[in-house]
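> Below is the structure I would like to discuss, written out as structure tokens.
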């Protein structure tokens with residue numbers, strides 16, 4: 001991936017050297033949940049270490065849950081821009097997503113509001129509660145920030161079998177896809193549906209939400225490559241391997257040797273690959289309407 005061709009975003013907060021992530025004190029219960037790939041990682045870790053079915057944990061983490069929102073505590077001070085190569089890589093990928101979605105929103109007659117991206121180690125305060133590195137990357141709609149502990153990329157490579165810088169970029173683009181859903185009001189509608197449908201029905205909606213974020217990641221790849229020619233041979237395969245590695249069916253087969261579709265929350269490997277490819281091929285938000293798709 002020729003990520004150096006991208007403009008580096010100025011929306012990255014490097015909190016990796018702040019002890020304890022600048023933790024808030026107490027908090028109150030509030031709205032907003034972390035969305036994205038992160039719940040998969042903590043489910044896998046628990047499954048491997050404690051013998052718990054990862055899909056059971058995903059169901060708990062994906063269900064209704066209270067979260068912490070800061071009260072009148074002192075928030076962490078301004079964080080510097082990253083200076084190391086991995087931090088600059090993240091900033092360049094985020095810059096590519098900004099340029100992509102600013103163009104898409106402008107063409108649709110709207111204005112894109114950029115998310116911030118927080119690099120952290122161990123734990124970090126968020127409007128969705130305390131973020132832990134074991135959760136992997138996630139998006140918090142409460143503060144419109146993407147959170148990443150870069151150690152997740154080691155997990156992606158060594159434990160999930162998905163190495164490569166384009167696989168890493170796909171992870172960021174997927175989480176930014178959740179930010180786009182938040183701006184479009186999709187996240188809010190999902191929260192409303194949570195109180196109106198059964199857990200099984202909500203799981204099915206969650207699958208459509210995650211597949212749409214995969215498709216939005218494909219839109220980023222489509223537009224960013226058209227603008228800056230960032231994609232090199234083998235890059236798309238890296239992203240597809242990452243999408244396949246975190247498919248619900250792949251996780252279930254690995255953990256329990258069988259597949260239980262009613263418990264899916266993110267989609268199968270094939271579905272995740274196909275919807276990423278849909279966004280990549282079309283570059284169209286309309287083509288990513290997973291909620292009205294007859295088949296996923």
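> For residue 295 and residue 232, calculate 0.36 nm times their separation in residues minus their Cα-Cα distance, and state this gained length in nm to one decimal.
Here the answer is 19.6 nm.
> Please rank 194, 7, fewest neighbouring Cβ atoms within 10 Å first, as an exposure proxy.
7, 194
> Give, to the nearest whole percent, the P(r) tail of region 201-296 beyond 24 angstrom, counting all Cα pairs.
Of all Cα-Cα pairs in region 201-296, 23 percent lie more than 24 Å apart.
> Which of the three applies to region 129-283, rounded, prolate or oblate, going by the alpha-carbon gyration tensor with a ≥ b ≥ c and a/c under 1.5 meaning rounded?
Note, shape of region 129-283 comes out rounded.
Quick note: the coordinates plus some simple rules give every number you see, no bench work behind them. Note that the coordinates shown come from a computational prediction; the quantities given were computed from them, not determined experimentally. A quick note on method: Cβ atoms are made from the backbone with ideal geometry, for glycine too, and the neighbour counts reach across all protein chains shown.
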